């Protein structure tokens, strides 16, 4: 097809102007969107300023560092579109922006170029160490959704944006789609017959939220390892306050197996977890005692409890909301 992604240089000043002029005329006439917004934020007529401020090199005003590439048709020496790759997700991008913003100039749409541009952009994401890419598009933009799906996009959910438009969030795995995102060996898991798989379910293997998947989707496996270390440290500090031994580590646990009903002073019982969620937890043997201590945690809370054999007679010791 003779297409490649390029970084903008002075050599493409004329081609850029032609593309932007065509694009803006279409926006004014047909009220089409301005994606990727990075190529429209400055006036290309001052090309040196435009080029200098095209990419964000460091976090600024709630925005993350990014890279901007243009799709070049080498045979025609023509710019066909552009793609903006955000190097990581902040809260806003995780909710509704995604890693990639892309667009094809009006005269070149519906020719398969968007699918190819995303494919090339995913290679650039791999170079940045991104393991799974989030892309967001309007539900009514069938062409955009198709180009995402053609590149392995898996729909996680839909939401209503600030402008009232229904949008879709797709994840594209860039690593082995057969493995667990947290690194567990799925072949050895006792729950493999009921688990829908991390990638196929967009990180909702049992229908609920998974502490591993949510952390890794926002960052990477290193971010998840860091969260586990932090939660272990906080959990052990809380255990020590109540005179319990430390946990040696935290492990992924399905909610329905650890969602105990704790008796309340009024005689009722309460559960604090969701059966479909995956948490981090550990069981701690208590010397000279037939009961065990347990710790359960995710990014939002830490729970300490004790219980007898097979979870009998549970007692809630502490439930602490995390503020980090």
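Just so you know, all these numbers are worked out from the coordinates, no wet-lab data involved. Quick caveat: nothing in here was measured; it's all calculated off a predicted structure. Glycine gets a Cβ as well: all are built from the backbone with ideal geometry, and neighbour counts include every protein chain shown.
Counting only the Cα atoms, region 1-142 fills a convex hull of 122 Å³ per residue. Mean residue ellipticity, 222 nm, helices only, the chain: the sum of -39500 (n - 2.57) across DSSP H runs of n ≥ 4, divided by residue count and rounded to 500, is -7500 deg cm²/dmol. Once you divide the Cα radius of gyration of region 205-278 by 2.2 N^0.38 Å, the number left is 1.31.
Using every pair of separate Cα atoms, the Kirkwood estimate puts the hydrodynamic radius of region 144-256 at 16.3 angstrom.
Counting beta carbons within 10 Å around each of 24, 221, 29, 228 and listing the fewest first gives the order 29, 24, 221, 228.
Approximating the spin labels as points 7 Å out from Cα along Cα→Cβ, the residue 275-to-residue 192 distance works out to 2.5 nm. Run the Debye formula on the Cα coordinates of region 68-220, all scatterers equal and no solvent, and tell me log10 I(q)/I(0) at q = 0.08, 0.20, 0.21 1/Å. Normalising to I(0) and taking log10 leaves -0.25, -1.28, -1.38. The modelled label-to-label distance between residue 142 and residue 234, using points 7 Å beyond Cα along the C-beta direction, is 4.7 nm. Debye-formula intensities of region 220-324, expressed as log10 I(q)/I(0) at q = 0.10 Å⁻¹, are -0.26 (one equal scatterer per alpha-carbon, no solvent).
Report the rotationally averaged projected area of the chain based on its alpha-carbon convex hull, in square nanometres. Spell out each step's value before the answer.
On the way: hull surface 82.3 nm².
Convex hull of Cα atoms, orientation-averaged projection: 20.6 nm².
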